[in-house]
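Structure first, commentary second.
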Amino acid sequence: MGRQVLGLADELGFDLAGVVSRHHPGDAIATRWFPGLDALPSAPDVLIDFTLPAGTAAAARWCADHDVALVTGTTGLDRVQTGTLSAAAERVPVLQAANFSPGVNTLMALLGQAAGWLDEIRAVHVTDVHHVHKKDAPSGTALALAAALAPLEAEIESRREGEVVGDHEVRLELPGETLTIAHHAADRAIFARGALRAARWLNAQPPGRYGPLDWITASKQG
Ligand SMILES: NC(=O)c1ccc[n+]([C@@H]2O[C@H](COP(=O)([O-])OP(=O)(O)OC[C@H]3O[C@@H](n4cnc5c(N)ncnc54)[C@H](OP(=O)(O)O)[C@@H]3O)[C@@H](O)[C@H]2O)c1
């Protein structure tokens, strides 16, 4: 994902402060690479984080200490790591999204509407299919889709196959009918584009904890 963000940053008019990861990238990116956040020559306006949960928690602490807004797409955070994001949000704006695609966030909003309209949902099934390199299961998106239907309990099935970018399906069992809504991601660039757009919006926000619908709703109104 870091490479996807990097690939779109210029096109979307961002001035790149640097690329941070623990290991040397070993290619052309190396000219813009730093081995840690403290090695950056100056603090950026916004940090876009797609790492693993420990990296995200460290990034949140660093952003709070350096007055840097944080956009994070990392999934699989535990309660303590999530608490670190909330603590940082008391000092800087923090936007966390399990999925930055416009389609999935629309699906999220539709599910909230469905839960309000349908009062006889008997069962909820969520399926996520992703590439075999993905570390967490269920996916953060599957958990967020299930949460959009709370307090209904959802059964989640996760499958890891080949290089699948990300497929999600939500099935609502109703008396005598089934409502199925599905999303297929074909290109990881959609997540990077969303994260960059969210970063531009977040940079103008006061400290606080934000989700993808805050940014999408505000940009539709604006
Ligand atoms: N929200 C969304 O729309 C969305 C979309 C796609 C993926 N994701 C999530 O984004 C995360 C990253 O996905 P990915 O496919 O890019 O994974 P990836 O290819 O494994 O890349 C993870 C990167 O994080 C770095 N990293 C890992 N632990 C770190 C730490 N403690 N400190 C600093 N850097 C660390 C790794 O580099 P080094 O090992 O060199 O440090 C690596 O460059 C996952 O949680 C995934 O589920 C979210």
Seminar exercise, completed: For segment 102-185, the charge dipole (Cβ of Lys, Arg +1; Cβ of Asp, Glu -1; about the Cα centre) points to a positive end, and the Cα of H133, L172, A185 closest to that extreme belongs to H133
Problem set entry | Separation in nanometres of the label points that stand 7 Å from Cα toward Cβ, at A204 and S158 | 3.7
Exercise. At a 1.4 Å probe radius, carbon and sulfur cover how many percent of the accessible area of segment 60-186?
Worked result: 51
Exercise. In nm, to one decimal, how far is the E177 label point from the D15 one, both placed 7 Å along Cα→Cβ?
Worked result: 5.5
Exercise. Using the eigenvalues of the Cα gyration tensor, what equivalent ellipsoid semi-axes result for the chain when each is taken as the square root of five times the eigenvalue, whole Å, largest first?
Worked result: 32, 19, 16
Exercise. Taking the Cα centre of each part, how many Å lie between segment 24-53 and segment 125-158?
Worked result: 30
For this session: Quick one: go through segment 1-16 and flag any residue whose amide nitrogen is under 14 Å from the point 7 Å out along the Cα-to-Cβ line of T31.
Result: 16
Exercise. Taking 1 over the mean of 1/r across every pair of different Cα atoms in segment 102-185, what Kirkwood radius in Å do you get?
Worked result: 13.0
Seminar exercise, completed: In deg cm²/dmol, rounded to the nearest 500, the helical mean residue ellipticity at 222 nm of the chain, built from -39500 (n - 2.57) for every DSSP H run of length 4 or more, is -11000 deg cm²/dmol
Exercise. Among 209-218, 77-86, 25-34, what's the highest-first ranking by average C-beta atoms within 10 angstrom per residue?
Worked result: 209-218, 77-86, 25-34
Seminar exercise, completed: Summing +1 per Lys or Arg and -1 per Asp or Glu among the other residues with Cβ less than 13 Å from P93's Cβ gives -1
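The values are calculated or read from the model by the stated rules, or taken from the named source; none is laboratory data. Predicted model, so just to flag it, every value in this text is computed and none were measured. For neighbour counting, all protein chains shown are included, and Cβ atoms are generated from backbone atoms with ideal geometry for every residue, glycine included. SASA here: full protein model, heavy atoms, side chains in, ligands and nucleic acids out. Shrake-Rupley method; radii C 1.70, N 1.55, O 1.52, S 1.80 Å.
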